[in-house]
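The values are calculated or read from the model by the stated rules, or taken from the named source; none is laboratory data. The structure displayed is predicted, hence computed values, not measured ones. Note: ideal-geometry Cβ built from the backbone for every residue, glycine included; neighbour counts use all protein chains shown. The area values use the complete protein model at the heavy-atom level, side chains included, leaving out ligands, DNA and RNA. Shrake-Rupley method; radii C 1.70, N 1.55, O 1.52, S 1.80 Å.
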Amino acid sequence: GAGVSQSPRYKVAKRGQDVALRCDPISGHVSLFWYQQALGQGPEFLTYFQNEAQLDKSGLPSDRFFAERPEGSVSTLKIQRTQQEDSAVYLCASSLAGQGARGNTIYFGEGSWLTVV
Amino acid sequence: AQRVTQPEKLLSVFKGAPVELKCNYSYSGSPELFWYVQYSRQRLQLLLRHISRESIKGFTADLNKGETSFHLKKPFAQEEDSAMYYCALSGEYGNKLVFGAGTILRVKS
(Lines give C-alpha, C1' and ligand atoms only; values in the text may rest on other atoms or scores of the structure.)
Protein backbone atom coordinates (compact mmCIF):
# COMPACT_ATOMS: atom_id res chain seq x y z
CA GLY A 1 0.00 0.00 0.00
CA ALA A 2 0.93 3.62 -0.31
CA GLY A 3 0.86 4.50 3.38
CA VAL A 4 1.52 3.15 6.85
CA SER A 5 -1.03 0.46 7.62
CA GLN A 6 -2.15 -0.56 11.10
CA SER A 7 -4.33 -3.38 12.37
CA PRO A 8 -6.64 -3.87 14.05
CA ARG A 9 -8.18 -0.43 13.69
CA TYR A 10 -10.34 -1.00 16.78
CA LYS A 11 -9.79 -3.36 19.67
CA VAL A 12 -11.80 -3.86 22.84
CA ALA A 13 -9.92 -5.86 25.45
CA LYS A 14 -10.96 -7.04 28.87
CA ARG A 15 -8.73 -5.92 31.69
CA GLY A 16 -5.92 -8.41 32.09
CA GLN A 17 -6.02 -9.58 28.48
CA ASP A 18 -2.95 -9.42 26.23
CA VAL A 19 -3.18 -7.49 22.95
CA ALA A 20 -0.98 -7.25 19.87
CA LEU A 21 -1.07 -4.32 17.47
CA ARG A 22 0.50 -4.58 14.04
CA CYS A 23 2.16 -1.96 11.88
CA ASP A 24 3.14 -2.22 8.21
CA PRO A 25 5.40 0.73 7.44
CA ILE A 26 5.93 2.20 4.00
CA SER A 27 8.12 -0.17 2.02
CA GLY A 28 11.81 0.64 2.34
CA HIS A 29 11.43 2.92 5.32
CA VAL A 30 14.28 2.51 7.75
CA SER A 31 12.77 4.22 10.77
CA LEU A 32 9.66 3.09 12.61
CA PHE A 33 8.04 4.75 15.61
CA TRP A 34 5.22 3.90 18.01
CA TYR A 35 3.27 6.63 19.75
CA GLN A 36 0.45 6.53 22.29
CA GLN A 37 -2.29 9.15 22.14
CA ALA A 38 -4.68 9.45 25.06
CA LEU A 39 -7.98 11.27 24.64
CA GLY A 40 -7.48 15.02 24.39
CA GLN A 41 -3.70 14.76 24.29
CA GLY A 42 -1.02 14.89 21.65
CA PRO A 43 0.83 11.73 20.62
CA GLU A 44 3.51 10.60 23.08
CA PHE A 45 6.59 8.71 21.96
CA LEU A 46 6.85 5.07 22.99
CA THR A 47 9.68 3.48 21.04
CA TYR A 48 11.87 3.75 17.92
CA PHE A 49 13.36 1.17 15.55
CA GLN A 50 16.05 1.67 12.96
CA ASN A 51 15.61 -1.37 10.74
CA GLU A 52 15.36 -4.28 13.20
CA ALA A 53 17.25 -2.56 16.01
CA GLN A 54 15.24 -1.01 18.81
CA LEU A 55 17.34 2.07 19.49
CA ASP A 56 15.06 3.89 21.89
CA LYS A 57 12.41 2.45 24.18
CA SER A 58 12.47 5.26 26.70
CA GLY A 59 8.77 6.02 26.27
CA LEU A 60 7.40 2.58 27.06
CA PRO A 61 5.34 3.15 30.23
CA SER A 62 5.99 -0.22 31.87
CA ASP A 63 7.43 -3.65 31.31
CA ARG A 64 3.97 -4.76 30.17
CA PHE A 65 4.72 -2.99 26.89
CA PHE A 66 6.93 -4.74 24.38
CA ALA A 67 7.68 -3.97 20.72
CA GLU A 68 9.56 -5.83 18.04
CA ARG A 69 10.50 -5.50 14.39
CA PRO A 70 12.36 -8.74 13.75
CA GLU A 71 12.99 -8.40 10.01
CA GLY A 72 13.19 -4.65 9.82
CA SER A 73 9.78 -4.15 8.22
CA VAL A 74 6.53 -5.12 10.03
CA SER A 75 6.39 -4.23 13.70
CA THR A 76 4.22 -5.46 16.55
CA LEU A 77 3.43 -3.64 19.77
CA LYS A 78 2.34 -6.03 22.50
CA ILE A 79 0.64 -5.02 25.72
CA GLN A 80 0.40 -7.66 28.41
CA ARG A 81 -2.21 -7.75 31.17
CA THR A 82 -3.97 -4.65 29.84
CA GLN A 83 -5.27 -2.07 32.28
CA GLN A 84 -7.83 0.67 31.84
CA GLU A 85 -5.16 3.36 31.64
CA ASP A 86 -3.83 1.65 28.51
CA SER A 87 -6.93 2.80 26.62
CA ALA A 88 -5.65 5.08 23.87
CA VAL A 89 -4.94 5.34 20.18
CA TYR A 90 -1.65 3.68 19.26
CA LEU A 91 -0.02 5.35 16.27
CA CYS A 92 2.68 3.85 14.13
CA ALA A 93 4.85 6.05 11.93
CA SER A 94 7.71 5.48 9.54
CA SER A 95 10.32 7.51 7.71
CA LEU A 96 12.80 6.83 4.97
CA ALA A 97 16.02 7.85 6.68
CA GLY A 98 17.61 6.67 9.88
CA GLN A 99 18.20 8.42 13.13
CA GLY A 100 19.82 11.82 13.00
CA ALA A 101 18.63 12.71 9.54
CA ARG A 102 17.17 16.16 9.69
CA GLY A 103 14.51 17.18 7.23
CA ASN A 104 13.16 13.63 7.30
CA THR A 105 9.38 13.40 6.83
CA ILE A 106 7.57 11.08 9.22
CA TYR A 107 4.40 9.42 7.91
CA PHE A 108 1.70 8.25 10.30
CA GLY A 109 -0.77 5.40 10.16
CA GLU A 110 -4.44 5.81 11.04
CA GLY A 111 -3.91 4.28 14.46
CA SER A 112 -5.24 1.37 16.45
CA TRP A 113 -7.94 2.42 18.93
CA LEU A 114 -7.65 0.32 22.08
CA THR A 115 -10.37 0.32 24.72
CA VAL A 116 -9.80 -1.69 27.89
CA VAL A 117 -12.98 -2.54 29.79
CA ALA B 1 13.66 18.62 28.88
CA GLN B 2 11.85 18.86 25.57
CA ARG B 3 8.38 20.35 25.81
CA VAL B 4 5.84 21.82 23.41
CA THR B 5 3.01 24.00 24.68
CA GLN B 6 -0.11 24.88 22.74
CA PRO B 7 -2.08 27.14 25.07
CA GLU B 8 -5.40 27.03 23.20
CA LYS B 9 -7.50 23.87 23.11
CA LEU B 10 -9.98 25.45 20.70
CA LEU B 11 -9.78 28.40 18.35
CA SER B 12 -12.96 29.46 16.61
CA VAL B 13 -12.87 32.06 13.82
CA PHE B 14 -15.09 33.22 11.00
CA LYS B 15 -14.28 32.44 7.38
CA GLY B 16 -11.97 35.09 5.97
CA ALA B 17 -10.60 36.11 9.36
CA PRO B 18 -6.89 35.81 10.20
CA VAL B 19 -5.74 32.79 12.16
CA GLU B 20 -2.85 32.37 14.58
CA LEU B 21 -2.28 29.08 16.36
CA LYS B 22 0.22 29.51 19.15
CA CYS B 23 3.11 27.16 19.90
CA ASN B 24 5.92 27.60 22.41
CA TYR B 25 8.69 25.13 22.99
CA SER B 26 11.39 24.30 25.48
CA TYR B 27 14.63 22.79 24.20
CA SER B 28 18.23 23.60 25.01
CA GLY B 29 19.77 22.90 21.61
CA SER B 30 18.72 23.53 18.01
CA PRO B 31 15.38 21.86 17.46
CA GLU B 32 13.53 21.26 14.26
CA LEU B 33 9.92 22.48 14.50
CA PHE B 34 6.88 21.14 12.70
CA TRP B 35 3.16 21.65 12.36
CA TYR B 36 1.05 18.51 11.83
CA VAL B 37 -2.64 18.57 10.91
CA GLN B 38 -5.37 15.99 11.34
CA TYR B 39 -8.56 16.53 9.32
CA SER B 40 -11.73 14.75 10.33
CA ARG B 41 -11.41 10.96 9.91
CA GLN B 42 -7.94 11.27 8.38
CA ARG B 43 -4.49 10.41 9.61
CA LEU B 44 -2.01 12.83 11.07
CA GLN B 45 -0.01 14.50 8.30
CA LEU B 46 2.80 16.99 8.05
CA LEU B 47 1.68 20.52 7.23
CA LEU B 48 5.00 22.35 7.31
CA ARG B 49 8.46 22.43 8.91
CA HIS B 50 10.51 25.43 9.84
CA ILE B 51 13.57 24.52 7.78
CA SER B 52 11.56 24.60 4.56
CA ARG B 53 10.38 28.16 5.12
CA GLU B 54 7.50 27.54 2.73
CA SER B 55 3.80 28.33 2.69
CA ILE B 56 1.45 25.34 2.58
CA LYS B 57 -2.28 25.88 1.97
CA GLY B 58 -1.68 29.54 2.81
CA PHE B 59 -0.19 28.72 6.22
CA THR B 60 3.20 29.99 7.34
CA ALA B 61 5.18 29.63 10.55
CA ASP B 62 8.33 31.42 11.62
CA LEU B 63 10.70 30.07 14.21
CA ASN B 64 11.44 32.74 16.82
CA LYS B 65 14.37 31.47 18.86
CA GLY B 66 14.31 34.46 21.20
CA GLU B 67 10.71 33.81 22.21
CA THR B 68 11.01 30.02 21.63
CA SER B 69 7.85 30.16 19.57
CA PHE B 70 6.65 28.69 16.28
CA HIS B 71 3.19 30.16 15.76
CA LEU B 72 1.14 29.06 12.74
CA LYS B 73 -0.54 31.83 10.77
CA LYS B 74 -2.92 32.25 7.89
CA PRO B 75 -4.24 35.63 6.75
CA PHE B 76 -7.70 34.42 5.61
CA ALA B 77 -9.20 31.27 7.11
CA GLN B 78 -11.17 28.86 4.95
CA GLU B 79 -13.82 26.39 6.13
CA GLU B 80 -11.67 23.50 4.92
CA ASP B 81 -8.97 24.57 7.40
CA SER B 82 -11.11 23.22 10.23
CA ALA B 83 -9.02 20.47 11.82
CA MET B 84 -6.82 19.55 14.77
CA TYR B 85 -3.36 21.13 14.61
CA TYR B 86 -0.34 19.82 16.49
CA CYS B 87 2.97 21.58 16.95
CA ALA B 88 5.96 19.24 17.35
CA LEU B 89 9.71 19.36 17.71
CA SER B 90 12.62 17.03 17.20
CA GLY B 91 16.15 17.40 18.54
CA GLU B 92 19.52 17.20 16.86
CA TYR B 93 20.23 13.54 17.55
CA GLY B 94 17.16 11.84 16.31
CA ASN B 95 13.91 12.43 14.59
CA LYS B 96 11.70 11.41 17.52
CA LEU B 97 8.88 13.95 17.72
CA VAL B 98 7.61 15.65 20.87
CA PHE B 99 4.05 16.91 20.36
CA GLY B 100 1.95 19.57 21.96
CA ALA B 101 -1.58 18.78 23.12
CA GLY B 102 -3.10 20.19 19.96
CA THR B 103 -5.48 23.01 19.04
CA ILE B 104 -8.83 22.48 17.35
CA LEU B 105 -9.39 25.11 14.69
CA ARG B 106 -13.02 25.70 13.83
CA VAL B 107 -13.76 27.99 10.90
CA LYS B 108 -17.35 29.19 10.85
CA SER B 109 -19.20 30.38 7.76
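With the whole protein complex present, B:Lys15 retains an accessible surface near 120 Å², based on a 1.4 Å probe. If you take the alpha carbon atoms of the protein assembly as shown and fit the smallest convex hull around them, that volume is 122 Å³ per residue.
At the listed q of 0.13, 0.16 Å⁻¹, the Debye profile of region B:58-109, built from one uniform point per Cα, gives log10 I(q)/I(0) equal to -0.41, -0.60. Of the listed residues B:Tyr27, A:Tyr107, the order by accessible area with a 1.4 Å probe, largest first, is A:Tyr107, B:Tyr27. Comparing the full protein assembly with the isolated chain, the residues of region A:85-117 losing at least 20 square angstrom of accessible surface (1.4 Å probe) are A:Gln99, A:Gly100, A:Arg102, A:Gly103, A:Asn104, A:Thr105, A:Ile106, A:Phe108, A:Glu110. Taking the protein heavy atoms of region A:52-117 in the context of the full set of protein chains, the accessible area attributed to carbon and sulfur is 49 percent at 1.4 Å. Where in region B:15-56 does accessible area fall by at least 30 Å² between the isolated chain and the complete protein assembly, at a 1.4 Å probe radius? Flagged in region B:15-56: B:Glu32, B:Tyr36, B:Arg43, B:Leu44, B:Arg49. Solvent-accessible area per residue in chain B equals 50 Å², computed with a 1.4 angstrom probe and all protein chains kept.
Take every Cα-Cα pair in chain B and report what % of them are more than 23 Å apart. That tail contains 22 percent of the Cα-Cα pairs.
Basic side chains Lys and Arg get +1 at the Cβ, acidic Asp and Glu get -1 at the Cβ, and with that the dipole of chain A about its Cα centre reaches some 240 debye. Ranking B:Glu67, A:Glu71 from most to least accessible surface, computed with a 1.4 Å probe over the protein chains only, gives A:Glu71, B:Glu67. Exposure check, 1.4 Å probe, all protein chains in place: B:Ser40 carries approximately 90 Å² of accessible surface. For region A:99-113, the residues whose backbone nitrogen is under 17 Å from a point 7 Å from the Cα of B:Ile56, taken along Cα to Cβ, are A:102-110. Surface composition of chain B: carbon and sulfur atoms hold 49% of the protein heavy-atom accessible area at a 1.4 Å probe. The orientation-averaged shadow of the Cα convex hull for region A:1-59, equal to a quarter of the hull surface, comes to 5.3 nm². Relative contact order for chain B: 38 percent, from Cα pairs under 8 Å spaced at least 6 residues apart, divided by residue count. Residue order by solvent-accessible surface for A:Ile79, A:Ile26 is A:Ile26, A:Ile79, largest first, with ligands and nucleic acids left out and a 1.4 Å probe.
Looking at chain A, the accessible area is 49 square angstrom per residue; that uses a 1.4 Å probe and ignores ligands, DNA and RNA. Interface of B with A. Using a 1.4 Å probe and counting protein heavy atoms only, the two chains hide about 1800 Å² of accessible surface, both sides summed.
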